[in-house]
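Structure first, then comments.
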Amino acid sequence: MLTVGSVGYLGSAPALAVFGLASVFLYVLPAVVFLLPVSLVAAELASGWPGGVYNWVEAGVSPPMGLLAVWCEFAQTIFYYPALLAYVAGTLAYVIDPALAGNGVYNAVVIIVLFWGGVLVSSRGITLVAELSSRGTLIGTLIPGAILVGLGVTYLAQGNHSAAPMTTNHLLPAWTGLGSIVLVVNSFFTYAGVEVNAVHVDELHNPGRDYPKSIFLAMALVLAVFIFPTLAISWVIPAHQISFTAGVMQAFDSLLVHFGIGFAVPLIAVALAVGALAGLLSWLDGPSEGLLRIGREQGFLPPYFQRVNGKGIEVRILAAQGTVITLIALLYAFIPSVSHAYWIFAAMATQVYLIMYVLMFIAAMRLRRAQPDHPRGYRAPALGLLCVLGAVSSVAALVIGFIPPAQFGHSNPLVYAALIFAGILAIGIAPPLLLDRLRKPGWKATSPGPASHS
């Protein structure tokens with residue numbers, strides 16, 4: 001259940017709903033070549049080298065590469081939060097006026113207000129965050145997802161025609177060039193984050209037997225949670241009309257009005273927003289805390305950013321992150337299509353995160369070879385094969401992510417690729433290289449105890 005709760009939200013469904021029945025293939029393929037390798041490899045690393053991705057890559061490759069890995073985990077959220085909160089903005093528009101979902105200024109304001117609100121809640125301590133995020137997953141993902149599927153199935157059972165063809169001829173995406181399969185990258189991001197639960201592998205009675213069973217069960221549940229709501233959207237909304245940010249609410253609005261219960265639209269919108277905000281809270285503290293820990297232990301961060309508040313929360317790192325996110329949010333006011341802006345930021349987040357996964361797979365192979373007798377609570381079967389499969393699929397998704405989706409119309413491929421590359425370089429790669437190059441001996445914490453309070 002931890003795995004199911006950590007790997008996504010219904011906001012990722014509209015981007016794949018444009019493929020109709022072929023969305024099933026686009027969910028299953030990354031689950032096999034990415035979700036499965038990440039889950040099993042991360043479990044071995046977590047059971048032998050506690051401390052998360054930085055420790056894994058530091059031990060298996062080098063400290064600077066460990067910094068790059070944890071920075072990528074942190075930096076991807078800088079792109080992820082605006083995309084997530086644009087989905088919340090598009091959803092909440094159905095409480096006020098659905099036309100607002102496509103309004104860039106409205107989206108920018110909602111992103112900025114909700115992110116800083118999340119920082120305020122997070123600064124009050126981890127206990128409140130854990131309670132809010134766990135309840136939010138149930139209220140905002142599992143229950144609305146089940147309702148959407150139930151309404152969709154009833155809609156078809158009444159004899160209504162599906163907006164997307166549901167025949168065997170449409171099981172695979174139609175090939176119209178590479179742009180036609182670019183949205184598969186969205187599936188990789190749906191599954192990103194599963195490695196954070198690998199730290200619990202030692203709590204199982206028999207990790208070697210129980211962990212693979214739990215991962216295969218989680219994969220089945222995750223596929224069900226995402227595939228069926230995605231299909232439900234494609235049943236009622238034609239592909240060319242699906243909004244990447246408001247697609248879930250488009251489907252709910254259409255179905256609830258069809259069944260004469262349109263008054264429930266605002267309630268569903270609020271529930272979905274709660275679920276997405278729960279995801280924001282659950283992510284807000286983890287990567288930034290990892291960055292704080294490394295910054296102190298290895299002296300990668302200036303002392304100013306090593307200070308925490310009375311609750312032990314790294315508010316200065318969160319504030320710096322919030323400043324960059326505010327600037328990115330303002331771009332929503334200037335990019336003509338909110339749906340396009342959402343995709344660009346989601347693609348950048350995925351690209352940056354995939355760099356971390358490639359480093360993780362390299363570290364796992366090197367550690368198995370260099371330290372075969374190092375005690376591990378769990379040993380992944382066929383680790384070399386899993387690492388090659390995961391690394392190759394990650395690199396392939398990285399490359400594909402530079403191609404504009406077919407849904408972007410006549411976008412200039414070179415301009416699009418340059419935009420994605422510039423974002424990855426500016427936020428994902430340049431900062432850790434500069435931190436490594438510019439760090440001073442005095443930045444390293446003299447004791448492993450908690451950071452001093454600001």
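Solvent-accessible area per residue for the chain at a 1.4 Å probe radius, Å²?
Each residue of the chain exposes 41 Å² on average to a 1.4 Å probe.
Here the peptides 393-400, 437-444 are ranked by packing, the mean other Cβ count within 10 Å, and the order with the highest first is 393-400, 437-444. From most to least packed by mean Cβ count within 10 Å, the peptides 63-72, 81-90, 314-323 give 81-90, 63-72, 314-323. Rg over Rh for segment 33-162 works out to 1.08, both radii taken from alpha-carbon positions and Rh defined as the Kirkwood radius. Mind pulling the angle between the C-alpha long axis of helix 247-258 and the longest principal axis of the chain? Nearest 10 degrees, somewhere in 0 to 90. It works out to around 30 degrees. The largest accessible area among 19, 421, 345 belongs to the first residue in 421, 19, 345, and the rest follow in falling order (1.4 Å probe, all chains). For segment 79-96, backbone phi angles converted through the Karplus equation (6.51, -1.76, 1.60; θ = phi - 60°) give residue-by-residue couplings of 8, 5, 4, x, 5, 4, 6, 5, 4, 4, 4, x, 5, 5, 4, 6, 7, 9 Hz, Gly and Pro being listed as x. The calculated FRET efficiency for the pair residue 392 and residue 304, based on their C-beta separation and a Förster distance of 60 Å, comes to about 0.90.
For residue 311, which lysines qualify as cross-link partners when the Cα separation must be under 24 Å and same-chain residues fewer than eight apart are set aside? Cross-link targets: 444.
Of the peptides 358-371, 206-219, the ranking by mean beta-carbon count within 10 Å, highest at the top, reads 358-371, 206-219. Between the helical axis of 413-423 and the longest alpha-carbon principal axis of the chain there is an angle of about 40 degrees.
To put it simply, the accessible area of segment 250-396 at a 1.4 Å probe is 68 percent carbon and sulfur.
Scanning residues 5 or more positions from residue 308 or on other chains, those with amide H under 5 Å from its amide H are 452, 453, 454, with H placed 1.01 Å from N in the peptide plane.
You can think of it this way: the chain between residue 411 and residue 95 has 110.5 nm of extra reach, that is 0.36 nm per residue less the Cα-Cα gap. Taken over the alpha carbons of the chain as equal point scatterers, the Debye sum produces base-10 log I(q)/I(0) values at 0.06, 0.09 Å⁻¹ of -0.25, -0.56. Helix 36-48 and the longest principal axis of the Cα set of the chain meet at an angle near 30°.
Couplings 3J(HN,Hα) of segment 351-365, computed from phi: 4, 5, 5, 5, 4, 4, 5, 4, 4, 5, 5, 4, 4, 4, 5 Hz, in residue order, whole Hz [Karplus 6.51 cos²θ - 1.76 cosθ + 1.60, θ = phi - 60°; x for Gly and Pro]. Please work out the C-alpha center-to-center distance from segment 76-128 to segment 381-399 and express it in whole Å. Centre-to-centre (Cα) distance: 33 Å.
The values are calculated or read from the model by the stated rules, or taken from the named source; none is laboratory data. Since we're looking at a predicted model, the values are computed, not measured. Heads up, the Cβs are rebuilt from the backbone with ideal geometry, glycines too, and the neighbour counts pull from every protein chain shown. Surface accessibility is based on the protein's heavy atoms, side chains included, excluding ligands, DNA and RNA. Shrake-Rupley method; radii C 1.70, N 1.55, O 1.52, S 1.80 Å.
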